[in-house]
1. Select one label from (i) 25.0; (ii) 26.3; (iii) 21.4: the one whose number is Kirkwood radius over Cα pairs in Å as derived from the coordinates shown.
2. For the chain, what is the mean residue ellipticity at 222 nm derived from helices alone (per DSSP H run of n ≥ 4: -39500 (n - 2.57); sum divided by total residues; nearest 500 deg cm²/dmol)?
3. Obtain the nm distance between the two label points defined at D186 and E106 by a simple spin-label model: each point lies 7 Å from its Cα along the Cα-to-C-beta direction.
4. Provide the per-residue ³J(HN,Hα) series for the stretch 297-312, in order, calculated from phi with Karplus coefficients 6.51, -1.76, 1.60 and θ = phi - 60°, each as a whole number of Hz, with x at glycine and proline positions.
5. What residues qualify as long-range amide H neighbours of I336, i.e. H under 5 Å apart, gap of 5 or more or another chain, H built at 1.01 Å from N?
6. Apply 1/(1 + (r/R0)^6) to the Cβ-Cβ distance of R339 and D257, taking R0 = 45 Å, and write down the FRET efficiency to the nearest 0.05.
7. Give me the net charge for the shell around D249: Cβ to Cβ below 10 angstrom, other residues only, Lys and Arg +1, Asp and Glu -1.
8. If each residue of separation counts as 0.36 nm, what is the full-extension length gain between V49 and E146 once their alpha-carbon separation is subtracted?
Amino acid sequence: MRPVSVGSATASLLAAGWLLTAVPPIAEAFQTRINRPVVQETVARGQAVTGAIEVENQGDEPVQLEVYLQDWEYLEGGNGEKQFSSPGSSPWSASSWISYYPSRLELPGRGKGTVEYTVRVPMDASGGRYAVLFFESAVGASPPDEQGVVVQYTGRLGSLFEIEVAGTVERTGELREVTVGRPDDDRPLALGYSFVNTGNVVLRPKAYFNIVDRTGRYFGRGEFNPLYTFPGRSGSTATEWTGRLPVGDYTLLVTVDLGADDVLVAEEPLRVARELVIESVRLQAPGGSSAEVTVHNAGNVQTTFEGTVVVRGASGAEGAGRMAAATLSPDERRPIALRGLDPLAAGTYECHVHLTAEGLTADRKVPCDVSR
């Protein structure tokens, strides 16, 4: 059977205990539910475990269900997307370990039935193995189209089997990268991490973050969207924190819970600063009395500043001007007009720029020309 990939929305339906291969209006006829959308068993080598799945027809009409096994895997990326394939096609298949009865159910309206299963673990098995027991029924057909084509609709629901071999589980993983965006005060702080499953069982790590200063005081906390990984596969996830951090140095603490008391921890420095960068000075043509200074707010907080410029030539000071108060958002750059500068003759000058803001000064000597 050809592998089938399903998106996160479809995967959510499957995890909830039902899945339609199509969603026509007549799909409402498929009103079957199961009591165990996920079957998790821990079994020792050479041992077996038995159980049952109850199937309920919540509709008024009788329903016939075909029961069959397939393999399933989480795909690369970690977003929960699954791939279903024929039994035994996955290297992590548990299909050969599972027997069940019956392979067909006939349920009256509002009736219930039971499928019994047995999981037998081989002596040489280790880690985790996975399969899905599907319950499938025809739910109807579309009216013939102009060419006489009729579409048959099938509904199915599945119970995911997750089998772990007792005493052989390796629940390990690696944090490959923690990403931290600019901690600017005019936007949420973007956070993310990437993870690779280095163990031999499915891992669904749950991760949390805390932002602390040098004294250990907490300024922010939150959690990441969950990841879903098969052994050897990786995924990445991201979140945002909305809040404001005062100017200072912080540490981002990321804690990744792998389950069964296995935890990974990472730390990343985080700095909130005021920083103004004087990028350039532009003087106008000879005899002109105006100029502008381009300033970049390279810091993380909105900053209001003012400044002065002293223009020096070969013979010394040639003039001075002042910038009116200006406000720049984080990462914003803008030319600021310089007022009060006397007209300058053509030539090469050195402009001494001085900026002042709350708790901050910036100085730079910039070559500047007045050309004919």
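Just so it is clear, none of the values below were taken in a lab; they were calculated from the coordinates. Quick caveat, the model's predicted, so the values are computed rather than measured. Cβ: placed from backbone, ideal geometry, glycine included. Neighbour counts: every protein chain shown.
1. So the structure-derived entry is (ii).
2. -500 deg cm²/dmol
3. 7.2
4. Taking θ as phi minus 60°, the curve returns 7, 8, x, 10, 10, 4, 10, 9, 8, 9, x, 10, 9, 10, 9, 10 Hz for the stretch 297-312.
5. Those qualifying (amide H under 5 Å, at least 5 residues apart or on another chain) are V293, T294, V295.
6. Efficiency, from the Cβ-Cβ distance: 0.15.
7. +1
8. 29.6 nm
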